[in-house]
1. Amide H of VAL42 versus every other amide H placed in the peptide plane: which residues, excluding those fewer than 5 positions away on the same chain, fall under 5 Å?
2. Across segment 240-249, in residue order, what do the Karplus-derived ³J(HN,Hα) couplings come to in whole Hz, using 6.51 cos²θ - 1.76 cosθ + 1.60 with θ = phi - 60° and x for Gly and Pro?
3. Using the beta-carbon distance between ASP219 and GLN261 and R0 = 22 Å, what value does 1/(1 + (r/R0)^6) give for FRET efficiency, to the nearest 0.05?
4. Once you have the Cα-Cα distance between LEU149 and LYS242, take 0.36 nm times their residue separation minus that, and quote the gain in nm to one decimal.
5. Obtain the nm distance between the two label points defined at LYS189 and MET21 by a simple spin-label model: each point lies 7 Å from its Cα along the Cα-to-C-beta direction.
6. With 19 Å as the limit, write out which pairs from LYS44/LYS128; LYS128/LYS193; LYS159/LYS236; LYS178/LYS229; LYS44/LYS130; LYS128/LYS178 have Cα-Cα distances beyond it, or answer none.
7. Please calculate the 1.4 Å probe accessible area of GLU177, with all protein chains present, and give it to the nearest 10 Å².
8. For segment 175-266, what is the Kirkwood estimate of the hydrodynamic radius, computed as the reciprocal of the mean inverse distance between distinct Cα atoms, to one decimal in Å?
Amino acid sequence: VFLMEPGWFSSGVFAQGVIDMHHLEKTNTLNGAIDLVHKDGVLKLEYSIQIREPCNKYQKNKVEVVTNLKFYPPFDNKNIPPVEIPIGQASGEERPAPPQPSQIASNPAVAPKPNAPQPGEPDLMVIKDKDKEDAILNQIPESEIPAGLTLDDILEPDKKELIQCFSFLEKYSDELEKYKSYLIREGFKADAKRIDATFMRVYKETLMLKNTIESGNLDPEVYKNNLIKIAETDEKLLGLYKSKGLKRAAFIEKRLEMTKQEISEM
């Protein structure tokens, strides 16, 4: 959703936000509210969306591979060759059965390639197994928490203060959206709802930081110092997470790499 700057021919965006409409798969009415982020703050937008029928009522049919050709004669007595117009396979025509396992074994042409990627959880830059890993971190003694950090810091490595690196925010919001789509596709709707809440929070931070940078309201030196603080914190978090064998170490490792890259380019 874009709210444009005032003026008849204005092309400038004053504020923007995102409406998640995946719920329209099962319902024809969607009511809610979103935050439209702009350089001076946030505007609340209430909305109501109605469609004739839920999206999942309609089925998508695949087009069959063309197997028959019909030839039409020339239009006149000139030497015009026949025009080949493809006609779809007749509905009553019997379709070939899919290859059986025994056929695949005996026919290398239909056998799957040994290095073909198998379906599964995508390797994205997101925090996975959070509840399980939080339980481990909640059990560590205070003496093992790195100096200058709190229990909240190690439990919430993607809280607002630690994600204010623009290149990271863009990548993180994109990865969260992909992960949400994967969870919905695989039927993990409760997990998808939790990831969606994180995505909306991170996407809002992305827009706010982008608007602040583009409007010139962020001092480059202040931004660089913030990046340095984030990198110092990530060095401590990375050491702790690796020592405990936690998956979120990979998340911190990638963020640290991107933060250092931004610092080096300033």
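The values are calculated or read from the model by the stated rules, or taken from the named source; none is laboratory data. Keep in mind that what you see is a predicted model, and the values were worked out from it rather than measured. Because the Cβ atoms are built from the backbone with ideal geometry, glycine has one as well, and the counts that use them run over all protein chains shown. To get the accessible areas, we keep the full protein, side chains included, count just its heavy atoms, and leave off ligands, DNA and RNA. Shrake-Rupley method; radii C 1.70, N 1.55, O 1.52, S 1.80 Å.
1. Excluding prolines and chain starts, which carry no amide H, there are no hits.
2. Running phi through 6.51 cos²θ - 1.76 cosθ + 1.60 with θ = phi - 60° gives 5, 5, 5, 5, 9, x, 8, 5, 5, 4 Hz.
3. Values: r = 20 Å, r/R0 = 0.92.
E(calc), rounded to 0.05, equals 0.60.
4. This chain segment gains 31.9 nm when fully extended.
5. Spacing of the two 7 Å Cα→Cβ label points: 2.0 nm.
6. Table pairs above 19 Å Cα-Cα are LYS44/LYS128; LYS178/LYS229; LYS44/LYS130.
7. 90 Å²
8. Result for segment 175-266, one decimal place: 15.3 Å.
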